[in-house]
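S.K.: Have a look at this one.
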Amino acid sequence: MSERVQITATNKSPLLLIVTWLLLVLAAFAYIVRSIVKLSRQAMRLEWDDYLLTGALVFCTAQSLATIIRAADGFGQPLALLSTAKVEASMQAALAASILYVLSLALSKISLLALLAKLSPNRRHRRVMHGIALFVAVFTSISVFVVSFSCSVPNTWDYTSGRCINRPLWWTFFDVYNIATESALIVIPIYIIGLVQWPLARKVVFSIPFVLRTCTIAACIADMLLWHRLSSSPDPFFAEWPVSVTTQTIQCSCLASTCILYLRNFLSSVETGFGLDGDLSASIPLELRTATVGRSGYNLSSEGLTGSASMPGQIKVTTRYEVREEVYTVLGGGHETETDQEMMDRRG
């Protein structure tokens, strides 16, 4: 009879396996639900944000599998209890997992930025989102290089040799970057929603998926604290297992919070095309689209545009014009007023 593997004070590998599998399944489920909802509403039309998010899921899955391999090789146990071969295999898997983690986060963020840039009718907003996406891409390239060569060659994966960069400091800096970009992905969409002419309750509901990204920020803060505690640990290899848990949480929450925008129940409560690749201009304040023609008295502020999110790309436009009929009278000379119709008949 085989011995049951238990979670003990010196064996956190089973716990790491459970958490990794659970978070990976949740992220994959969110992606599948998003894909089903979007494809069913858009007649199998895929766009850049879909491809980017698919890439994020692929890297997320690969990163989780690398973490599972680490746990199978003894990661989560004290260094003294493991053989040299298992320690080396665990550190090699850690290097691969770190690179995949950086790439997965980048694609998740850029996917959401691409979606927001596509939906916003404001050119200045799109420039801001493109600028953030460029920053994320550049920082990701630098991060991949730093992570790949964080230790001296040829064994760049061997962080127990002591000839490496300050890993706690680097990952703390990376968490600061994550917090900054996640904050931007919360503030910018909510700011845009604030410009839309919706009731306050609807604005709150539509802001919820973006506010949920605060879970990623909370995980980043926890990750920073754990890296700080790890820097003073007598056994950094064993003390790193909680960091791996927060890493999985950051990665999966970032991906899932992007997918939640396409939940069917949420989309059905939105009456404009914002949530489904529509045009926000239908809900931008009317004074931005108002034109008044001097003395003629024509005011286009009576124009109203309403959008419908029942199907993407099908926005119903209703235009209402107020027609005022005025009768002018000419006093004097005892003559009665001549109406517009009589004047036209006389001229004809």
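Throughout, read-outs are computed from the coordinates displayed, never taken from laboratory work. Quantities reported herein were computed from a predicted structural model and do not represent experimental measurements. Cβ: placed from backbone, ideal geometry, glycine included. Neighbour counts: every protein chain shown.
S.K.: Percent relative contact order of the range 13-272, based on C-alpha pairs within less than 8 angstrom and at least six residues apart?
M.R.: 28
S.K.: Could you name the lysines in cross-link range of K203, using Cα to Cα under 29 Å and dropping any fewer than eight places away on the same chain?
M.R.: K38, K109, K118, K316
S.K.: I want to verify the translational diffusion coefficient of the range 13-272 in µm²/s; compute it with Stokes-Einstein, Rh as the Kirkwood radius over Cα pairs, at 20 °C and 1.002 mPa s.
M.R.: Diffusion coefficient, whole number: 111 µm²/s.
S.K.: Could you derive backbone 3J(HN,Hα) for the range 145-152 from the dihedral phi with the Karplus parameters 6.51, -1.76 and 1.60 (θ = phi - 60°), listing whole Hz in sequence and x where the residue is Gly or Pro?
M.R.: So the Karplus estimates, Gly and Pro as x, are 5, 5, 5, 5, 10, 6, 10, 5 Hz.
S.K.: In which sequence would Y51, Y31, Y101 go, from the one with the fewest C-beta neighbours within 10 Å to the one with the most?
M.R.: Lowest count first: Y51, Y31, Y101.
S.K.: Would you please give the FRET efficiency between S161 and Y51, computed as 1/(1 + (r/R0)^6) with r the Cβ-Cβ distance and R0 = 35 Å, to the nearest 0.05?
M.R.: 0.35
S.K.: Got a sec? Which residues in the range 210-225 would a label at Y177 touch, if it sits 7 Å along Cα→Cβ and we count backbone N under 16 Å?
M.R.: 220-221, 224
S.K.: What order do you get for I110, I32, I99 when you list them from fewest to most C-beta neighbours inside 10 Å?
M.R.: Ascending number of Cβ neighbours within 10 Å: I32, I99, I110.
S.K.: For K118, K38, K109, what ranking results if the residue with the fewest other Cβ atoms within 10 Å of its Cβ goes first?
M.R.: K118, K38, K109
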